[in-house]
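Notes follow once the structure below has been shown.
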Amino acid sequence: MTPLLLTREDLQALTGHKSPAAMARWLRQRGWIHELPARQGDIPKVARAYFDARMTGAPLPGQRRVGPRLEFLTGT
């Protein structure tokens, strides 16, 4: 079963940092939604669904589509 949150290894691969503080700084600077850890030394919490959406360009969880999609009319 896939974990709900990114693991320490996932966050290290994403941010390029091992320090939880540096991970949080990287996430904040790039506008990633995350929860700060409850205890010092723990990693920031990032939802796997949010990570997947950010990395694939899919709609973000909870994001509403604005207006109808009419690409089929213009052929684009």
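Would you pick out the residues in the stretch 14-28 that are loosely packed, with under 15 Cβ neighbours inside 10 Å and under 13 Å from the mean Cα position of the chain (by Cα)?
Within the stretch 14-28, just Arg28 meets the criteria.
Among the residues of the stretch 4-13, how many are surrounded by 15 or more Cβ atoms within 10 Å (Cβ to Cβ) and either in contact with a Cys (Cβ under 9 Å, 6 or more places away or on another chain) or touching a residue at least 24 places away in the same chain (Cβ under 8 Å) (or both)?
4
Every read-out reported here was derived from the displayed coordinates using simple, explicitly stated rules and does not represent laboratory data. This one's a predicted model, so the numbers in the text were calculated from it and none came from an experiment. Here Cβ is always computed from backbone atoms with ideal geometry, including for glycine, and neighbour counts include all displayed protein chains.
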